[in-house]
Every structure is written in C-alpha cells, then in structure tokens.
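Worksheet: one structure, shown below.
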Amino acid sequence: MLALAACAEAHPSRLQAPNPLQADWTAAVGELDVGDSDQHCSAVLVAPDTIVTAAHCLFLGTAQAPASPYEITFTPNKGALPALPPSRGVAFKGVGGIIRGGKIRDQDVAHDWAIIAVSPPVVGVQPLPVAELPVSGMLQLVASGDRLVTAGYGNGAYEELRLQPPCRIVPQSELGLSPENGLVITDCEYRVGDAGGPILLIDGAGQPALVGIFSGIGRNPKTAGSLGLGVNARNFSDYLRPSGRVIGSEALHG
C-alpha cells in the first residue's frame with residue numbers, strides 16, 4: 001500500500017511573511033479554496049484562464065458531492081508580492097476521476113487531477129509549461145542536471161507558498177513495483193494542504209517544467225518511510241491544448 005492521501009486543512013488566523021527565497025515562477029502557484037469551507041488545497045496556473053489541481057480537492061471536508069466550479073477560488077502568488085487578485089472557477093475542463101479525500105487507493109492516484117477554467121484570466125504571471133514525460137525521462141533529465149522542486153500551501157503555511165527541501169524522484173523498481181508512468185513517486189516532504197501543488201523540473205537556465213502535481217502521502221513498502229505521491233502531468237496534458245503550453249520530451253532534451 002503506497003497512498004494515504006489527503007489535502008485539506010483549516011486556515012490559521014495569522015498571516016505569515018512572504019518567503020524571500022521564492023523564484024519568479026512561483027507566482028503561478030496559488031491557494032485553492034472550495035466553497036465556504038475553511039479547508040484548502042494548492043493549484044497551478046497552466047494557462048491564463050486555466051488551473052490544475054488534485055481531483056480530491058473538490059471533496060473537501062465531509063462533502064459527499066463535488067464542488068461546483070463556481071465555488072472554487074484560486075489566489076495566485078498568495079502571501080508574496082505582487083499581491084494578485086483571486087479568480088473564480090467557471091467550468092471544469094477535465095477531471096481524472098471522482099475521488100474523495102482521506103484514504104485514497106493506490107490505483108486512484110494517477111486519476112487525481114482536475115483542470116478548471118477560471119475568470120478573470122490571471123495577468124502578469126507566466127503560466128507553467130506542462131511536460132509530457134515518462135518517469136524514465138524525468139530521471140534522465142535529473143541525471144543530466146535538472147533540479148526537482150516541489151511546493152505548496154500546506155501544514156501551517158496557508159498564507160505562504162513554501163518550497164520543499166531538496167528531494168528526488170524514486171524509481172519504482174527501487175520500491176519493488178512494476179513501472180507505472182501515471183504516477184510520480186518522490187521522497188519529497190508532503191504536507192496536508194500541498195495537494196494540487198507542483199512537481200517541477202528546473203533546468204540549468206532556471207526554466208521550470210511541470211511534470212506532475214501532488215496527490216498525497218504514501219509509505220515506502222520497504223522502509224516504512226514517507227513518500228510524496230503525484231500524478232504524472234502527461235495524464236492530463238491533452239486537456240490543455242491549445243490554451244496551455246505543452247512540451248514534449250524532444251524539446252526538453254534538446
């Protein structure tokens with residue numbers, strides 16, 4: 001059993017200071033609020049009018065039915081400067097599956113994504129390009145010098161995006177698992193509220209490519225250590241054409 005995913009957590013009453021280490025691309029990551037709930041997730045801007053998040057974020061709290069897009073609020077760059085206005089959801093462009101929060105089955109993680117149209121479009125922020133890569137391609141880029149970076153609004157940092165400590169993509173063979181390109185398994189720190197946050201590769205020029213989004217936390221079947229489980233971005237990349245920027249492996253490698 002790998003997955004034990006959940007994303008929602010209550011907002012604290014205290015605002016925290018922006019993180020001075022944030023890079024420019026972080027403005028495309030935002031906090032996702034659903035309805036009147038005091039719980040939230042993270043989300044990523046992939047086109048001026050489109051965000052991607054985890055599907056189970058539509059079922060925050062004890063909700064038995066998914067939120068309507070009109071109940072969703074996305075605030076990019078929350079807690080940092082420049083302060084950006086929120087955008088509201090207006091439609092679902094695609095949902096990987098009907099997945100509720102709490103315990104998520106291993107086989108559901110690859111379907112734990114939702115693409116949402118928002119209005120007004122976010123201006124002054126460069127959406128993150130989406131990379132279509134098998135896990136082997138990600139590992140190849142890391143071996144050639146790309147950095148793995150993850151981020152989110154989880155575990156007490158609800159008003160501030162936090163970049164996670166250095167971590168790595170874990171080859172599934174290392175866990176005794178058969179290859180499954182729908183999943184991105186990392187040893188990255190995952191915190192409640194990080195679901196929907198980005199899993200990125202940053203090249204030598206500092207350019208990011210979204211290779212996945214966080215779904216939840218799992219356990220290493222060999223060591224019982226924690227794993228950060230994510231959805232491979234190529235699971236939802238087809239839903240982003242033509243508005244989003246989708247990069248094939250050839251562009252990333254060459």
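Against the numbered list (1) part of a loop (DSSP other than H, G, I, E, B); (2) modelled with pLDDT under 90; (3) surrounded by fewer than 20 Cβ atoms within 10 Å (Cβ to Cβ), residue 173 comes up short only at (1). Within the option set 118, 184, being within 22 Å of residue 39 (Cβ to Cβ), among the hydrophobic types (A, V, I, L, M, F, W, C) and outside any loop (DSSP other than H, G, I, E, B) holds for one residue only, 118. Given the criteria out of contact with any helix residue (DSSP H, G or I) (no Cβ under 6 Å at 6 or more places or on another chain), modelled with pLDDT of 90 or more and of a type in the set (Ser, Thr, Tyr), does residue 243 qualify? When the stated conditions are applied, residue 243 does not pass them. If you filter region 1-36 down to residues that are outside any loop (DSSP other than H, G, I, E, B) and modelled with pLDDT under 75, you find that the one that is least open to solvent (accessible area, probe 1.4 Å) is 3. Taking region 204-228 as the range and being open to solvent by 10 Å² or more (accessible area, probe 1.4 Å) and under 29 Å from residue 155 (Cβ atoms) as the test, the residues that pass are 206, 207, 208, 217, 219, 220, 221, 222, 223, 224, 225, 226.
Selection over region 68-79 of residues that are open to solvent by 10 Å² or more (accessible area, probe 1.4 Å) and at negative phi gives a count of 7. Each residue in region 97-110 was checked for being free of Cβ contacts under 8 Å to residues at least 60 places away in the same chain and of a type outside the set (Val, Ile, Thr), and 3 pass. In region 178-188, the residue that is nearest to residue 97 (Cα to Cα) out of those that are touching a residue at least 40 places away in the same chain (Cβ under 8 Å) and open to solvent by 20 Å² or more (accessible area, probe 1.4 Å) is 183.
In region 136-156, of all residues being open to solvent by 10 Å² or more (accessible area, probe 1.4 Å), closer than 29 Å to residue 77 by Cβ and not in a helix (DSSP H, G or I), the one that is modelled with the lowest pLDDT corresponds to 156.
Could we say that residue 115 is touching a Gly at 6+ places or on another chain (Cβ under 9 Å), buried (at least 20 other Cβ atoms within 10 Å of the Cβ) and either over 20 Å from residue 182 (Cβ atoms) or at pLDDT below 90 (or both) here? Before you say what the answer is, go through the steps one by one.
Values: touching a Gly at 6+ places or on another chain (Cβ under 9 Å): yes; buried (at least 20 other Cβ atoms within 10 Å of the Cβ): yes; either over 20 Å from residue 182 (Cβ atoms) or at pLDDT below 90 (or both): no.
So residue 115 fails the test.
For region 194-203, which residues satisfy the criterion of being surrounded by fewer than 22 Cβ atoms within 10 Å (Cβ to Cβ) and not hydrophobic (A, V, I, L, M, F, W, C)?
Passing the criteria: only 203.
Scanning region 60-96 for residues that are free of Cβ contacts under 8 Å to residues at least 40 places away in the same chain and among the small types (Gly, Ala, Ser) yields 63, 65, 67, 68, 83, 87, 89, 91. Here is the figure for region 37-91: residues that are in a strand (DSSP E or B) and among the hydrophobic types (A, V, I, L, M, F, W, C) total 12. Criterion applied to 101, 124 was being open to solvent by 10 Å² or more (accessible area, probe 1.4 Å) and at positive phi, and the one residue passing it is 124. Residues considered: 191, 245. Of these, the only one that is open to solvent by 10 Å² or more (accessible area, probe 1.4 Å), under 19 Å from residue 127 (Cβ atoms) and of a type in the set (Lys, Arg) is 245.
The values are calculated or read from the model by the stated rules, or taken from the named source; none is laboratory data. Because the structure is a prediction, the values reported are computed rather than measured. Cβ sites come from the backbone with ideal geometry, for glycine too, and all protein chains shown count toward neighbours. To get the accessible areas, we keep the full protein, side chains included, count just its heavy atoms, and leave off ligands, DNA and RNA. Shrake-Rupley method; radii C 1.70, N 1.55, O 1.52, S 1.80 Å.
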